[in-house]
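Worksheet: the structure to be examined is printed underneath.
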Amino acid sequence: MLGERIVELRNEFDMSQAKLAELLGVKPAAVSQFEKGKTKPAIETLLNIADIFKVNLHWLLKNEGQKYIDSTSDEIHFVDSPISFNSDVEMLILPVVGEISAGQPLPCYEDAGESVKISPTELSGNPDDFLCFRVNGESMQPEIMHGDKVLIKKSNNWDVAEGKVCAVRLDGEITLKKLAFNRKDRSIRLIPLNKDFEVIIIRPDEHSDIMLIGILVYLYRKIQ
């Protein structure tokens, strides 16, 4: 259980609920709810917990794999190159951390246990720089279907993300859309690929929480 692993980490680091809450920017009662399994942390909170205790997100979510991040992991860089069918390269297992809305922004719900396997040769950068979500909704059809899994490379560079399909957080909820800017009225446009859905227009001064999570790099789909 996720909550039990949070308690385990706090105890190992001799950290109080109040201190963890302070580091996460939440109330102590919220940490208590996480640990009792009464509420689920948002994806950003899960990432912060993993970062604070230097543990692997996969272990935190699923209790699988190596618990602590290798101290040399930041020095490892995977490069894009073909992989031989006879290669002994170990596949990476990335947990599906939750759902991402292909429609109106929705809360990101923790997944029940899905994951994707990918060769490290297919990733450019540290595996910890990638997040996997399951798509919920039809606004990105037919290119991206309901139930597809998408791999997002973390980025906070809005200029680089312009014109690309991105994961964006808006007021605590996240959505998958193509990103564009209207520099005349200084608005952000989240564009669906499905023409039956409307463009979401965001004016930053009207929202207290706008965050670029990252850019879509891979799509996984079950054919049958």
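The values are calculated or read from the model by the stated rules, or taken from the named source; none is laboratory data. All values reported here derive from a predicted model rather than from experimental measurement. Positions of Cβ are backbone-derived with ideal geometry, glycine not excepted, and every protein chain shown enters the neighbour counts. SASA here: full protein model, heavy atoms, side chains in, ligands and nucleic acids out. Shrake-Rupley method; radii C 1.70, N 1.55, O 1.52, S 1.80 Å.
When each of I83, I144 is tested for being touching a strand residue (DSSP E or B) at 6+ places or on another chain (Cβ under 7 Å), outside any strand (DSSP E or B) and either farther than 18 Å from L46 by Cβ or at pLDDT 90 or above (or both), the lone residue that passes is I144. When the range 120-141 is filtered for residues that are in a strand (DSSP E or B), farther than 22 Å from N48 by Cβ and among the aliphatic types (A, V, I, L, M), only V135 remains.
Taking the range 192-208, which residues are closer than 18 Å to A161 by Cα and either touching a Leu at 6+ places or on another chain (Cβ under 9 Å) or touching a residue at least 24 places away in the same chain (Cβ under 8 Å) (or both)? Across the range 192-208, the qualifying residues are P192, L193, V199, I200, I201, I202.
Here the range 170-190 is the region considered, the condition is being modelled with pLDDT of 90 or more and surrounded by 18 or more Cβ atoms within 10 Å (Cβ to Cβ), and the residue that is nearest to N157 (Cα to Cα) is L179. Selection within the range 1-48: residues that are of a type in the set (V, I, T) and open to solvent by less than 50 Å² (accessible area, probe 1.4 Å). The member of this set that is farthest from L60 (Cα to Cα) is V26. Restricting the range 132-153 to residues that are touching an Asp or Glu at 6+ places or on another chain (Cβ under 8 Å) and under 19 Å from L92 (Cα atoms), the residue that is most open to solvent (accessible area, probe 1.4 Å) is K153.
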